[in-house]
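J.: For reference, the structure I am asking about is given below.
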Amino acid sequence: MLLVPVPGTSTIHDLWAGTKLLVVFGLSVLLTFYPGWATIGLVAALVFAAARIARIPRGALPSVPRWLWIVIAMGGITAALAGGSPKVSIGGLEIGLGGGLNFLRFTALSVVLLALGAMVSWTTNVAEIGPALATLGRPFRLLRIPVDEWAVALALALRAFPMLIDEFQVLYAARRLRPKRIPQSRKARRRRHALELIDLLAAAITVTLRRADEMGDAITARGGTGQLSAHPVRPKLADWVALAITLSAGGAAVALEMLLHTSP
């Protein structure tokens, strides 16, 4: 479920979109400078608590393909071969666990960052992202940065992305249903795959242009692109509480990381 809010209402759903963007940005910066286990654990706890409050069902979680598990396993084995501290001794043989632990840490970091983005997608209406960015970027207007235009471009992209995914899935399914001859040689099979790819790209470009024309007409009929970046919503008490909790968790994570690094 990409860019599709999970149905229902909760405290997380009712938060201002700008607050969620600030939380994701702040936690991402925190994980960038302090990518330790303590920080990852605290951020994962925040994400888990937010998912419980928002009542995100298990069906919203994406399915992991089998080939991705194979790639992760191969990466873990390769990283484990690097060794490093800490080391364990088994039967007189020292085995370094540093490479494997680092791989697990960066894998957990990637999962937590993806979960942060998914929480915004599951609890935020796409139409609220553009106005929130326009409001957050208001100070940059003093530097003559086209904040409103960027917010409109992002809002249009976010609205068009799920729609285009559906269109491409329909095109691919229709292409597979077409009867086709079975090539006899390997060269003929490669040629057929190349022709199919060209046909799909041409059809995808045509559908994209048609959808863009329809969206342009709809935007014009509703008053122009200025409506996409104009929204009266502002932070409320719950937003300030969420920001305070995030700042407290970030400060606790930094303190734990510094304590762990300074302890012998």
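Readers should treat all values here as calculations from the given coordinates under stated rules, not as data from a laboratory. Note that the structure is predicted; figures quoted are calculated from it, not measured. So basically every Cβ, Gly included, is an ideal-geometry build from the backbone, and we count neighbours across all protein chains shown.
J.: Taking only C-alpha pairs under 8 Å that are 6+ residues apart, what is the relative contact order of the chain in percent?
T.: Computed value for the chain: 31 percent relative contact order.
J.: For the chain, modelled as a Gaussian network with Cα springs under 10 Å, which listed residue fluctuates most, A82, A238, A132?
T.: Maximum among the listed residues: A82.
J.: For region 163-223, build the convex hull from the C-alpha positions and give me its volume per residue in Å³.
T.: Dividing the Cα hull volume of region 163-223 by its residues yields 70 Å³.
J.: Rounded to the nearest 500, what is the chain's calculated 222 nm mean residue ellipticity when only DSSP H runs of at least 4 contribute -39500 (n - 2.57) each, over all residues?
T.: When only DSSP H runs of four or more count, the value is -23500 deg cm²/dmol.
J.: Restricting things to alpha carbons, tell me how big region 109-189 is in terms of Rg and Dmax, in Å.
T.: When restricted to the Cα atoms of region 109-189, Rg and Dmax are 20.9, 66 Å.
J.: Name the residue, out of V43, V241, V112, whose mean-square fluctuation peaks in a Gaussian network model built on the chain with Cα pairs under 10 Å.
T.: Evaluated over the chain, the most mobile residue of the options is V241.
J.: According to a simple spin-label model (label point 7 Å from Cα along Cα-to-Cβ), what is the distance in nm between S110 and A157?
T.: 2.2 nm
J.: Pick from A17, A212, A174: which is most flexible by mean-square fluctuation in a GNM of the chain where alpha carbon atoms under 10 Å apart are linked?
T.: Highest fluctuation among the options: A174.
J.: With the cut-off at 1.5 for a/c, could you classify the chain from its C-alpha gyration tensor as rounded, prolate or oblate?
T.: Taking the square roots of the gyration eigenvalues as a ≥ b ≥ c, the chain is oblate.
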